[in-house]
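One structure is given here, and the rest of the page talks about it.
Just so you know, all these numbers are worked out from the coordinates, no wet-lab data involved. This is a predicted model, so every value here is computed, not measured. We place every Cβ from the backbone using ideal geometry, glycine too, and count neighbours over all the protein chains shown.
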Amino acid sequence: MEKPKNDLLLRAIKKEPIERTPIWLMRQAGRYMPEYRKLREKAGKFKNFYKNVELAVEASILPYKFLGVDATIIFSDILTPLEPMGFNFDFKQGEGPVFEKPIEKPEDINRLKPLDVNEVSYVGEIIKGVNESLNRAIPTIGFCGAPFTLAAYMIEGRTSRDFKKAKTFMYNYPEEFKTLLDKLADSLVDYLYFQIESGADAVQIFDSWAGYLSPDDYKEFALPPIKKVIKKLKEKTNTPIIHFTKGVAGFLDYMITSGADVYSVDWMIDIKKVKEKVFPKSAVQGNLDPIVLYAEKEVIKRKAIEILEKWGKDSGHIFNLGHGLMPDMDKEKVKYLVKIVQEGSRR
Ligand SMILES: Cc1c2[nH]c(c1CCC(=O)O)Cc1[nH]c(c(CCC(=O)O)c1C)Cc1[nH]c(c(CCC(=O)O)c1C)Cc1[nH]c(c(C)c1CCC(=O)O)C2
């Protein structure tokens, strides 16, 4: 496949020279944009939205059109592959995902089927559609949830403040929990590879809830299945892999053994420290506190420049938030951040 015209993101990952720091934002295809909300209304339910290739392609490319970001993340969700794997869910207004039949006891793990990628063919179509409609202007990022984060949803049944049920299950049935993680890992290899074959230039693994684990538990449970996914993908392709963990400060030393090309970190750790540990072997993505975007423009500018200065002029940094944009953020401020980073990082 033809390489993207703006390939700053891919060069940053390879630590090759860059004219400026690339930027994209987690949850950039979302409700803070009125244009997104219009598409969402057209689609009705969120599920009908991400399964509608035409609308999902539109949603994916909105951030490029309105913010001028340096990469597109496809519009989908980390839970998408779980439905054909036997775990159905719905997105409830104001609540997020709710599973029909969460895992309650170890036998329930047997209900998990391996993913048949033909059942998520729409995800591949979305990637192809994005590449076509942007005429390869910028790289396209595919993604999946990490095994621990997905398992946490499947047991908890919904988003949680403390993941009490999921972690209790993990403590009571550690071996069965590991089996679940391992099964998920095998299907995620197929899922990410399918996205890469469909035209994704990079893939990101979201471990949004691993930060609820102690360092020992992270090392024992969350890390091995991610290592497996990365190792197996690396046997098939050299497409870059970005590994995001929310709440990584306590176990950064473990996370950075996953084998990813890029480590994406939240704001609760100094990017300078992360750089010292991983660069130049790996690249780093992050790490602005998303809440900064609610502050005045001068603050946004200062905080963004601080991160750029901490990293310095080396390649290898992808600017992003430490977690996703929120629905009530001001689109103009988001756009301002993109501009500040693109202008303020010129080499
Ligand atoms: C944990 C998680 C989920 N989904 C995702 C994660 C990992 C990242 C993170 O930690 O935030 C990942 C995700 N979800 C979505 C994307 C699309 C691409 C992007 O713009 O980043 C991505 C990469 C769209 C979405 N996924 C969801 C929306 C909102 C749907 C809507 O009402 O329009 C979007 C745009 C729904 C969703 N999906 C999920 C939740 C908890 C919710 C409801 C909470 C919320 O409303 O924000 C699970």
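Annotations for the structure displayed:
- Computed magnitude of the charge dipole of region 8-344 (debye, nearest 20; Cβ of K, R +1, Cβ of D, E -1): 560
- Annotation: for a label point projected 7 angstrom from Cα along Cα→Cβ of Lys101, residues of region 143-170 with backbone N closer than 16 Å are 154-157.
- Computed FRET value (nearest 0.05) for Arg346 with Asp314, which takes r as the C-beta separation and R₀ as 22 Å: 0.95
- For a label point 7 Å along the Cα-to-beta-carbon line of Lys335, residues of region 276-317 with backbone N under 18 Å: 293-298, 300-301
- Burial ranking of peptide ranges 310-323, 100-113, 135-148, 215-228 (average Cβ count within 10 Å, highest at the top): 135-148, 310-323, 215-228, 100-113
- Within a Gaussian network of the chain (alpha carbon springs, distance under 10 Å), most fluctuating of Glu41, Glu235, Glu125: Glu235
- Environment charge of Ala283, counting only residues whose C-beta is closer than 11 Å and scoring Lys/Arg +1, Asp/Glu -1: +2
- DSSP bridge pairs, region 8-344: antiparallel proportion in percent, nearest 5: 15
- Ordering Thr179, Thr245 from the fewest to the most neighbouring beta carbons within 10 Å gives Thr179, Thr245.
- Shown for the chain is the translational diffusion coefficient from the Stokes-Einstein equation, using the Kirkwood radius over Cα pairs, a temperature of 37 °C and a viscosity of 0.692 mPa s: 162 µm²/s.
- Whole-number percent relative contact order across the chain, with pairs defined as alpha carbons under 8 Å at least 6 apart: 23
- Summarised as an ellipsoid, region 1-121 has semi-axes of 32, 20, 13 Å, derived from the eigenvalues of the Cα gyration tensor scaled by 5 and square-rooted, with the largest first.
- Check: region 72-125 dipole with +1 on Lys, Arg Cβ and -1 on Asp, Glu Cβ, in debye: 100
- Kyte-Doolittle at least -1.0, axis length at least 15 Å by Cα - qualifying DSSP helices, the chain: 53-67, 121-133, 174-197, 223-236, 297-311, 331-344
- Residue-averaged [θ]222 nm for the chain, counting only DSSP H segments that reach four residues, each worth -39500 (n - 2.57): -13000 deg cm²/dmol
- FRET efficiency, 1/(1 + (r/R0)^6) with R0 30 Å, evaluated for Thr237 and Glu276 via beta carbons: 0.55
- Only Lys, Arg (+1) and Asp, Glu (-1) charged, at Cβ; region 237-347 dipole about Cα centre in debye: 320
- Translational diffusion of region 116-223, µm² s⁻¹ [Kirkwood Rh, Cα pairs; Stokes-Einstein; 20 °C; 1.002 mPa s]: 141
- Reachable aspartates and glutamates, given that their alpha-carbon falls under 20 Å from the alpha-carbon of Lys234 and they are not under 8 places away in the same chain: Asp182, Asp186, Asp190, Glu197, Asp201, Asp207, Asp261
- Among the listed pairs Lys167/Lys333; Lys38/Lys246; Lys228/Lys277; Lys5/Lys335; Lys38/Lys183, a Cα-Cα separation exceeding 28 Å is found for Lys167/Lys333; Lys38/Lys246; Lys38/Lys183.
- Extension reserve of the Ala249-Glu2 stretch, reckoned as 0.36 nm per residue once the Cα distance is removed: 85.1 nm
- Ranking Pro225, Thr159, Leu9 by Cα position along the charge dipole of the chain, where only Lys, Arg, Asp and Glu carry charges on their C-beta atoms, puts Leu9 farthest toward the positive end.
- Region 193-338: mean projected area of Cα convex hull, nm²: 9.4
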